1. When we measure straight from the Cα of Lys111, which lysines land under 28 angstrom away, once same-chain ones fewer than 8 places off are left out?
2. Can you return the lysines within cross-link range of Lys280? Criterion is Cα-Cα under 19 Å, with same-chain partners fewer than 8 residues away left out.
3. Neighbour counts of other C-beta atoms within 10 Å: give me Thr282, Thr250, Thr46 arranged from fewest to most.
4. In debye to the nearest 20, how big a dipole does the chain give about its Cα centre with +1 on each Lys and Arg Cβ and -1 on each Asp and Glu Cβ?
5. Near the amide H of Cys256, under 5 Å away, which other amide H atoms are found, from residues 5 or more places off or on another chain, if H is placed in the peptide plane?
6. Note down the relative contact order for the chain as a percent, whole number, built from C-alpha pairs under 8 angstrom at least six residues apart.
7. Show me 119-130, 85-96 ranked by packing, highest mean number of other Cβ atoms within 10 Å first.
8. Give the label of the value calculated from the structure for Cα extents along the principal axes in Å, choosing from [x] 65, 39, 37; [y] 74, 44, 39; [z] 88, 63, 42.
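Taken together, the values in this text are just the output of simple stated rules run on the coordinates, not laboratory data. Keep in mind that what you see is a predicted model, and the values were worked out from it rather than measured. Here the Cβ positions follow ideal geometry from the backbone for every residue, glycine too, while neighbour counts run over all protein chains shown.
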Amino acid sequence: MNEALLVIRNLRKSYGTSPAVQGVSFSIARGEMFGLLGPNGAGKSTTLSMLAGLIRPDSGQILVDGLDLQGHLKAIKARIGLVPQELALYPTLSARDNLIFWGQIYGLRGKILKQRIAQALDVVSLSDRADEAVNHYSGGMKRRINMAIGLLHQPEILFLDEPTVGVDPQSRNAIFESVEALNKAGMTVIYTTHYMEEAERLCQRVAIMDHGQIIALDTPANLIRLVDGSMIRLSIADGLVKDVRARSETLPRVKCVTQRDHQLDIQTADTQQTLVEVLKITQQIGAQVTALQVLDNNLETVFLNLTGKSLRD
């Protein structure tokens, strides 16, 4: 792996008496696509904001190319592109006019600004829609223009904070392709998400956060190898899903059970035996199974195995 571009040492941040990040340490290699993953409230966005220089840590150190972030804040921020969860767009302006405005904020003018706008629009595949008002765009198109803004000054490091929340499948795939192309061209990308399937596709390494701490860090493949067994996913048609969950949690080979509406995800070390026992439970209490899948392990099952709770809680 390339040398470390970012080094994070014992990073801490609290809001009042509530700790958001608690002693986080890791490094990111130059040219790496690094995933920072976890459920809502895990501390991902706070960590990202500290790495991007938006908020000061209470303690700890962030080094970028060997330079302390707080000591060289202005110079380092010029090398950073940030695409936040919140849309930084003026809806009545066209996409091009939004890019002109933000490009001028970056200090770009004239021919250079025009070239950078054309390049950014090309990266997010919106060149043909650039002169339409943003309020006519779909949610996914707005996300893509939001990303284009973060690329105007050609950053060396790109932070993407939940860039696909609420977008349509076509725009999600366009965002994936754009990020992959940027990384292939040498850009270092830090990507936060609570959608684990995105990280499996995009990231060379991932850190999983929970309660402000990193609970696992490795390649997706290595993390998945840590988990025995598989996951049984079933949907229950009636009001007995809580009863099925309660009884399934008592089975000897079941590690954890999570519920999303009428759907149960059962992580087990013995798929065949647990499947027989769970179906027996549904028959005994008269619960109707409307859908059933046995899923191979992935980053989601890794997280369930580590924390025993839903990624999207």
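1. Leaving aside lysines fewer than 8 places away in the same chain, those within reach of Lys111 are Lys74, Lys77, Lys142, Lys184.
2. Filter leaves Lys242, Lys255.
3. Ordered from fewest to most neighbouring Cβ atoms within 10 Å, Thr282, Thr250, Thr46 come out as Thr250, Thr282, Thr46.
4. With only Lys, Arg, Asp and Glu charged at Cβ, the dipole is about 720 debye.
5. Excluding prolines and chain starts, which carry no amide H, the hits are Gln267.
6. It comes to 20 percent, rounded to a whole number.
7. 119-130, 85-96
8. It is the value labelled [y].
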